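Every number here is computed from the coordinates shown, using simple stated rules; none is lab data. For clarity, every value in this text was computed on a predicted model and none was experimentally measured. Methodologically, a virtual Cβ is constructed for each residue, glycine included, from the backbone with ideal geometry; neighbour enumeration extends over all protein chains shown.
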Amino acid sequence: MAAYPYKFEPIYKERIWGGRNIERLFARSLPAVGTIGESWELADLAEGVSVVANGPSAGMTLADLTCKCGPELLGAARQLQNGRFPLLLKYLDANDRLSLQVHPDAEAAASIGAGAVPKAECWYVLESRGLIVDEQTKGKISRVMGRPGSVVYKGLKPGVTAEQFRRAALGMGDSIESLVRQKEVRAGDFLYLPAGMVHALGAGMVVAEVQTPSDTTYRVTDWGRGRETHLSESLKCIRFDDPDAPPPGAAGETLVATEFFTVAIRSAEGSAILPGGRCAALMFLEGAGGATIRHGGKVEPATTVRSGDTVLLPAALTTPTLQTPGRCTWLEVTLPERST
């Protein structure tokens, strides 16, 4: 199969906390009804598999690409034991705050069983519209354009114990909200969320999310909205001694470097050299209108991109380049290579 930069059809997920901001930010046509909380840009899960949208492989799933292309796609990157592609990339539109939740590491997943899969993730903030409290609606959060940044919940305050947290989750003693660190964030901020860290997006935010391919999520609280919570499983996952440390491997344009993925923020005007000889995913965040990707000095049609597009560069491409008429910004996500 001929290798080239692959684009994919978005997979939209309706969520009670979602909105319509992905349509506005990226000039997309969302489903006519419903609140869209997630757009899966690159996915290979039972709950959704990406489909190639461009070129000779249009209509092929990411699962088929991974199976049929093998090293041509992944290069020296590690493939998952179940044969699936080892990344999940999304855009999240939090029109209301998400449930306070936690994901398992390998040890917790093994203890819980029942199909639990380890999960680590990170967020790059695209938009933070800010919040105020509307006294006339008895504390209901209202979004206001131009206010200071929205709030994320990220990790526990120092000294919180498992028993204190359990009692709070059951409505006994402290409130859950009082035990969790809250951080005001703005567009351009980055947050790494390792397994075991309780977290939630606050209302009024759109983020790009990079994560391991797992949809295993345990809700601690849903803020009274009535969805199922998972306190027993959550307590097996939460790291009560987890400090609010900087993302591992952060330096320069590199936002985080883990055993699962490395994420960097890139920008260019005119032209840029893209990763060659290794598998990489690019999430174009802004300024990509009219940009094109070429590779190998070939005369094949260039791959056109626009803001909001996610492009997968197979390892078989040795010299991909980006040409852009204006300043363009993107996330570059690469996979760790197998140790020799």
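Before moving on, here are some points about what is shown:
- Among 41-49, 108-116, the peptide with the highest mean count of other Cβ atoms within 10 Å heads the list, and the full ranking is 41-49, 108-116.
- In the chain, helical runs assigned H by DSSP with n ≥ 4 each contribute -39500 (n - 2.57); averaged across all residues and rounded to the nearest 500, the mean residue ellipticity at 222 nm is -3000 deg cm²/dmol.
- The Cα center of region 171-207 and the Cα center of region 3-79 differ in position by 26 Å.
- Highest mean first, the peptides 305-316, 13-24 sorted by other C-beta atoms within 10 Å per residue fall in the order 305-316, 13-24.
- Selected from Leu331, Gly296, Ser150, residue furthest toward positive end of dipole (the chain; charges at beta carbon): Ser150
- Across the chain, C-alpha contacts under 8 Å between residues 6 or more apart give a mean separation that, scaled by the residue count, equals a relative contact order of 20 percent.
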